[in-house]
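The values are calculated or read from the model by the stated rules, or taken from the named source; none is laboratory data. What you see is a predicted model, and the numbers here were worked out from it, not measured in a lab. Here the Cβ positions follow ideal geometry from the backbone for every residue, glycine too, while neighbour counts run over all protein chains shown.
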Amino acid sequence: MGSGWRPVGRARVQPARRIDAPAFLVYTRPERAQGDETLPYGDGKTAMMTVSARSLHILAALVWYAGGTVLLIKGGSLLVEAEVLEPDRIWPWLAGIIGLLLGGLKARFIFGKSIKRNLARIAALDRPRAWQFFSPGFFVALAVMIAAGASLSRLAQDSYPFLISVAVLDLAIAVALLGSSIVYWKQRAFARQPAGPSLD
């Protein structure tokens, strides 16, 4: 080594600077309020499927009104078909009256109570799901009734007595559905804070 060489001190290395992410890119889990019994975090799929009781009331009423309207139109068309098949007979008029009377009785003593029971069932649900606006048994019965109604309508073609009979059945159920729907309004089922369901 030359006499003029001198050791050079170690180079000082600057520590890496920490770069913080912008605030809008940082996710902060919200704090749960004390006593909050809502769905646990991370269960997003379940949270999306959970609805309010009011939403279930609206869905149930929509199905109720839709069924009554469809049957009312179907029963009326069967009476028109019977009139075309054998005009100037009194049976279509009698069928309409009988259907109205039977439907009123069904609305008062059967369908109205069914709505009240369903509202009470919805009120008892802990975490209502969108498909729980009716019980599973009701959906099975509904499918059976739709299939039976379609079959009866096909069998009634070109048969005057059968047309009248099926028309009475359709009109009676239609009037029962539409007439009993007043229970939804009496129970304030569509209010944001509905009254407690009554089975009286």
Single condition R129 does not satisfy, out of (1) over 30 Å from P87 (Cβ atoms); (2) surrounded by 13 or more Cβ atoms within 10 Å (Cβ to Cβ); (3) touching a helix residue (DSSP H, G or I) at 6+ places or on another chain (Cβ under 6 Å): (2)
Of the criteria (1) over 13 Å from L171 (Cα atoms); (2) in a helix (DSSP H, G or I); (3) basic (K, R), which one R127 fails: (2)
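Assigned to a helix (DSSP H, G or I) and within 18 Å of the chain's Cα centre (by Cα): does that describe F134? First the steps, then the outcome.
Numbers: assigned to a helix (DSSP H, G or I): no; within 18 Å of the chain's Cα centre (by Cα): yes.
So F134 does not fit the description; no.
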Residue match in the stretch 150-162 (condition: surrounded by fewer than 15 Cβ atoms within 10 Å (Cβ to Cβ) and among the hydrophobic types (A, V, I, L, M, F, W, C)): yes
Residue list for the stretch 31-90, restricted to those being in a helix (DSSP H, G or I), within 25 Å of the chain's Cα centre (by Cα), among the polar types (S, T, N, Q) and modelled with pLDDT of 60 or more: S55, T69
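Considering only the stretch 114-141, state which residues are of a type outside the set (G, A, S), without any contact (Cβ under 8 Å) to a residue 12 or more places away in the chain and either touching a Pro at 6+ places or on another chain (Cβ under 6 Å) or more than 16 Å from V51 (Cα to Cα) (or both).
Here is the first cut: in the stretch 114-141, the ones of a type outside the set (G, A, S) are 115-119, 121-122, 125-129, 131-134, 136, 138-140.
Right, trim to without any contact (Cβ under 8 Å) to a residue 12 or more places away in the chain and you get 126, 131, 136, 139-140.
Within the stretch 114-141, P136, F139, V140 meet the criteria.
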Residue match in the stretch 159-182 (condition: over 16 Å from the mean Cα position of the chain (by Cα) and not in a helix (DSSP H, G or I)): yes
Top-ranked residue in the stretch 183-200 [being assigned to a loop (DSSP other than H, G, I, E, B) and surrounded by 12 or more Cβ atoms within 10 Å (Cβ to Cβ); ranked as modelled with the lowest pLDDT]: P194
